[in-house]
1. Right, B:GLU5: open to solvent by 40 Å² or more (accessible area, probe 1.4 Å) and within 13 Å of chain A (Cβ to nearest Cβ) or not?
2. Here's a check for you: in the stretch A:77-90, which residue that is open to solvent by 20 Å² or more (accessible area, probe 1.4 Å) and in a strand (DSSP E or B) is nearest to A:GLN37 (Cα to Cα)?
3. Tally up the residues in the stretch A:9-44 that are polar (S, T, N, Q) and in a strand (DSSP E or B), please.
4. Residue check, B:CYS22 against (1) at pLDDT below 95; (2) within 14 Å of chain A (Cβ to nearest Cβ), all met but one. Which one?
5. Checking the condition touching a strand residue (DSSP E or B) at 6+ places or on another chain (Cβ under 6 Å), open to solvent by 10 Å² or more (accessible area, probe 1.4 Å) and farther than 10 Å from B:SER33 by Cβ, which residue from B:SER96, B:SER69, B:SER103 passes?
6. Please specify each residue of the stretch B:3-14 satisfying the condition of being part of a loop (DSSP other than H, G, I, E, B), over 14 Å from B:ALA84 (Cα atoms) and hydroxyl-bearing (Ser, Thr, Tyr).
7. Being surrounded by 16 or more Cβ atoms within 10 Å (Cβ to Cβ) and more than 8 Å from every other protein chain (Cβ to nearest Cβ) is the filter; apply it to the stretch A:94-109 and report the residue that is nearest to the chain's Cα centre (by Cα).
Amino acid sequence: EPEVTQTPSHQVTQMGQEVILRCVPISNHLYFYWYRQILGQKVEFLVSFYNNEISEKSEIFDDQFSVERPDGSNFTLKIRSTKLEDSAMYFCASSGGANSGNTIYFGEGSWLTVV
Amino acid sequence: GQSLEQPSEVTAVEGAIVQINCTYQTSGFYGLSWYQQHDGGAPTFLSYNALDGLEETGRFSSFLSRSDSYGYLLLQELQMKDSASYFCAVSRMDSSYKLIFGSGTRLLVRP
């Protein structure tokens, strides 16, 4: 069964450093997302990406964050100058859109620890 | 804005039936999804309702009433492995079909 894959599964970084989280969405999907989940809290929407551009972003997704789809398969989240409060699980997700029932499939997550 | 309400915790016995309710407030409502998440794991899709009524998938069923802005997830023949958090999530008629999640219901299944 096709799945969303993410790397790394866990990363520890020092405050102020840049981090890039990588994702390979399901191959025929059109919509890509990043969500985050702080330990013990709900899953929060960060950004959606469609047709090679950001279609929507939340208040959390400030200038510190950026996303890219550098080629036909990868989808990355970059966090510049990480802060302690960026420590969370980051989930990549993808969807085929309305034509496939709008189901959004999540990767296993990248656990980011900022120290 | 949007808001979703679901109970924070539910406890049930193995083999029993449990219902997890979700009420929502959002403009441009498109559909209600349910996800399961085990500790440290990814949200896993369970069910989706865009129209009123009941959707059944094995031991899990989900119900939606658009007029009441209400839905529920029904889990039957509970097993120990069903102990997890369950999230309802709404999607809206916007450009990204993103999901907005509720705070989750932690289900504990006891022997």
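The values are calculated or read from the model by the stated rules, or taken from the named source; none is laboratory data. Note that the coordinates shown come from a computational prediction; the quantities given were computed from them, not determined experimentally. Quick reminder, even Gly has a Cβ in these numbers, built from the backbone with ideal geometry, and neighbours come from all protein chains shown. We work out accessible area using only protein heavy atoms, side chains counted, and drop any ligands, DNA or RNA first. Shrake-Rupley method; radii C 1.70, N 1.55, O 1.52, S 1.80 Å.
1. yes
2. So, considering only residues that are open to solvent by 20 Å² or more (accessible area, probe 1.4 Å) and in a strand (DSSP E or B), the one nearest to A:GLN37 (Cα to Cα) is A:MET89.
3. Adding up the residues that qualify gives 3.
4. So B:CYS22 meets the others, but not (1).
5. After ruling out the rest, the residue left standing is B:SER69.
6. none
7. Ranking the candidates gives A:SER94 first.
Results for (1) open to solvent by 20 Å² or more (accessible area, probe 1.4 Å); (2) of a type in the set (S, T, N, Q); (3) under 23 Å from B:ASP94 (Cβ atoms); (4) part of a strand (DSSP E or B), shown as yes or no for each residue.
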| position | (1), (2), (3), (4) |
| --- | --- |
| B:GLY1 | yes, no, yes, no |
| B:ALA16 | yes, no, no, no |
| B:CYS22 | no, no, yes, yes |
| B:GLY31 | no, no, yes, yes |
| B:TYR35 | no, no, yes, yes |
| B:ASP39 | yes, no, no, no |
| B:TYR48 | yes, no, yes, yes |
| B:LEU51 | yes, no, yes, no |
| B:GLU56 | yes, no, no, yes |
